[in-house]
Amino acid sequence: MSTATVSNLVEVPAVEKPSRRGRKPQEKEGPQVARFFMGDADDESISLQREFKSEAEAQLESLKLDRPYYTVESWKAVADLSNGSIAIEKRAVSSRT
């Protein structure tokens with residue numbers, strides 16, 4: 001007859017996998033402030049040539065062509081007279097019509 005010995009079992013905590021980040025949320029509705037372009041530049045000027053619908057598309061094209069992409073933002077200065085004094089605020093302007 002054979003005998004077996006049982007020793008005390010030690011509980012090992014479960015290893016949790018780190019949570020994966022999901023996709024970025026879609027941009028909120030509202031004015032589109034930034035526009036994205038590929039173009040050419042020299043010491044004095046930039047010539048914007050091809051426009052992209054999103055920054056992601058511009059980044060991919062920049063990677064493929066090994067060239068920089070350019071971002072153009074549209075803002076408008078607005079005077080706020082509500083407090084009895086003039087305060088200048090900047091507001092995003094939709095640059096896509």
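The values are calculated or read from the model by the stated rules, or taken from the named source; none is laboratory data. Keep in mind that what you see is a predicted model, and the values were worked out from it rather than measured. For neighbour counting, all protein chains shown are included, and Cβ atoms are generated from backbone atoms with ideal geometry for every residue, glycine included.
Results, tabulated for the structure shown:
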| read-out | value |
| --- | --- |
| Tally of residues being of a type in the set (Gly, Ala, Ser) and part of a helix (DSSP H, G or I) across segment 41-64 | 3 |
| Filter result for Ala14 (exposed (fewer than 11 other Cβ atoms within 10 Å of the Cβ), in a strand (DSSP E or B) and modelled with pLDDT under 95) | no |
| Enumeration of residues in segment 65-84 that are assigned to a strand (DSSP E or B) and either within 16 Å of Ala34 (Cα to Cα) or in contact with a helix residue (DSSP H, G or I) (Cβ under 7 Å, 6 or more places away or on another chain) (or both) | Tyr69, Tyr70, Thr71, Val72, Glu73, Trp75, Lys76 |
| Residues located in segment 51-64, provided they are within 21 Å of Val33 (Cα to Cα), charged (D, E, K, R) and surrounded by fewer than 12 Cβ atoms within 10 Å (Cβ to Cβ) | Lys53 |
| Single residue of segment 29-39 satisfying the filter (out of contact with any Asp or Glu (no Cβ under 7 Å at 6 or more places or on another chain) and modelled with pLDDT under 90) that is surrounded by the fewest Cβ atoms within 10 Å (Cβ to Cβ) | Glu29 |
